[in-house]
Every structure is written in structure tokens, then in C-alpha cells.
Amino acid sequence: MALLNILKYPDERLHTVAKPVGEIDERIRTLVADMAETMYEARGIGLAATQVNVHERVVVMDLSEERNELRVFINPTITVREGETTYEEGCLSVPGIYDTVTRAERITVEALDIDGKPFTLEADGLLAICVQHELDHLNGKVFVEHLSPLKQNRIKTKLKKRSRLEM
């Protein structure tokens, strides 16, 4: 397993729309393992392949306190969205930035697991929010793009300034 580099907003590669995975082979299994290790090391709860500059429809997620309930979504699609809720979100690609985003309260998602078996998951609460957040990444969208243009510009400016100071 290897730690992968997480792209930072406003990197344009974060806006690349991910392509469906054609075959779940050893390369995809290795990608999933590397993504999980990267997510755990970064203390995140979800990571989309887009965030590590792999533009295929793969997401890993673990909302457990013990960090031992890894969920894998390959070629995920949200088929049902119900209700509305708001939640303060953060993102490994937008470090140190948190803001309130409105999303569907309940969702149904269909995907393949690591063995290529299809599954359907009905989710609400943090799980529903996390799935929507990560699927946004696969569609080339970062959570801050749900915010007002003024907030987006402030965040871009702050992150660009921070990256200059780190050089």
C-alpha cells in the first residue's frame, strides 16, 4: 500500500469528471487499498479517486470511530434523493475550511463493491451527506462550489496564499 497525494482546491484536476470503472481488477483493488490508507492517514472519513488524481468512479469511506468499517463504492449512482438538510462540511482537498452545505436528507445509492457485486444502500444523516459529498467529487465538483461566489473567492484566495507561504 502507498500514501497518495491529495489534490488541493483550486487545482483544476478536481473538476475532472470521473469515468466508470470497466473492470474491477488488481489495479482497482490496489487503488482502493491506497485510497483507504491515504484517507486514514489524513484523518478523513471519505475520499474519492478524483481527489488523488485518478479519474475513475471509486470512493472509499469509513464513518466509524474505530476506523474499521471501510465502505467501497465503485461506479456509484444516487437513484433517490429525499428531503433537505444542512451540515457543516470539510474536505481533505480544502484543508482547514468548513462551511454549511444543503443536501438531500435521505438518499439511495447503487454501486459495486470491491468484488464487483452490485448493492443498494439507503442512507440518511452523516452517511447520506458523505456519499453526496464524495459523488460530487466524481462529478468534478468540490463542496465549496455549493457556497456563494463571494465565499468561493475568499476560500480560493486564502488557500492560494497559504500554498505560497508553504513553498
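Checked against the criterion of being closer than 17 Å to PRO20 by Cβ and assigned to a loop (DSSP other than H, G, I, E, B), the candidates ILE114, ILE78, ILE74 yield just one match: ILE114.
If the Cβ limit is 7 Å and pairs must be 6+ apart or interchain, which residue in region 1-21 that is touching a residue at least 60 places away in the same chain (Cβ under 8 Å) and farther than 8 Å from THR50 by Cα pairs with which residue that is outside any loop (DSSP other than H, G, I, E, B) and open to solvent by 60 Å² or more (accessible area, probe 1.4 Å)? Between residues of region 1-21 that are touching a residue at least 60 places away in the same chain (Cβ under 8 Å) and farther than 8 Å from THR50 by Cα and residues that are outside any loop (DSSP other than H, G, I, E, B) and open to solvent by 60 Å² or more (accessible area, probe 1.4 Å), the close pairs are LEU7/ARG13; PRO10/LYS156. Between ARG57, ARG43, the distinction of being basic (Lys, Arg) and over 26 Å from THR157 (Cα atoms) belongs to ARG57 only. Reported count of residues in region 32-58, each being within 17 Å of SER93 (Cβ to Cβ), not charged (D, E, K, R) and not in a loop (DSSP other than H, G, I, E, B), is 13.
In region 2-20, which residue that is surrounded by 18 or more Cβ atoms within 10 Å (Cβ to Cβ), out of contact with any Lys or Arg (no Cβ under 6 Å at 6 or more places or on another chain) and modelled with pLDDT of 95 or more is farthest from GLU145 (Cα to Cα)? In this case the residue turns out to be LEU4.
Which of the residues that make up region 17-39 are out of contact with any Leu (no Cβ under 8 Å at 6 or more places or on another chain) and under 21 Å from ILE97 (Cβ atoms)?
Within region 17-39, none qualify.
One residue alone among GLY90, GLY46, GLY22, GLY83 is over 17 Å from HIS133 (Cβ atoms) and small (Gly, Ala, Ser), and that residue is GLY22.
Of the residues making up region 116-147, those that are within 15 Å of ARG57 (Cα to Cα), touching a residue at least 60 places away in the same chain (Cβ under 8 Å) and exposed (fewer than 15 other Cβ atoms within 10 Å of the Cβ) are GLY116, ASN139.
Every residue, every condition in (1) surrounded by 16 or more Cβ atoms within 10 Å (Cβ to Cβ); (2) without any contact (Cβ under 8 Å) to a residue 12 or more places away in the chain; (3) hydrophobic (A, V, I, L, M, F, W, C), yes or no:
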site: PHE73; (1), (2), (3): yes, no, yes
site: GLY83; (1), (2), (3): no, no, no
site: SER93; (1), (2), (3): yes, no, no
site: ILE97; (1), (2), (3): yes, no, yes
site: ALA104; (1), (2), (3): yes, no, yes
site: ILE107; (1), (2), (3): yes, no, yes
site: GLU110; (1), (2), (3): no, no, no
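As a summary of the residue check, LEU165 satisfies the conditions (1) touching a Leu at 6+ places or on another chain (Cβ under 8 Å); (2) in a helix (DSSP H, G or I); (3) open to solvent by 70 Å² or more (accessible area, probe 1.4 Å); (4) of a type outside the set (Lys, Arg) except for the one numbered (1). Residues in region 21-31 that are open to solvent by 60 Å² or more (accessible area, probe 1.4 Å) and not in a helix (DSSP H, G or I): GLY22, GLU23.
The values are calculated or read from the model by the stated rules, or taken from the named source; none is laboratory data. Predicted model, so just to flag it, every value in this text is computed and none were measured. Here Cβ is always computed from backbone atoms with ideal geometry, including for glycine, and neighbour counts include all displayed protein chains. Note: areas computed on protein heavy atoms with side chains; ligands, DNA, RNA excluded. Shrake-Rupley method; radii C 1.70, N 1.55, O 1.52, S 1.80 Å.
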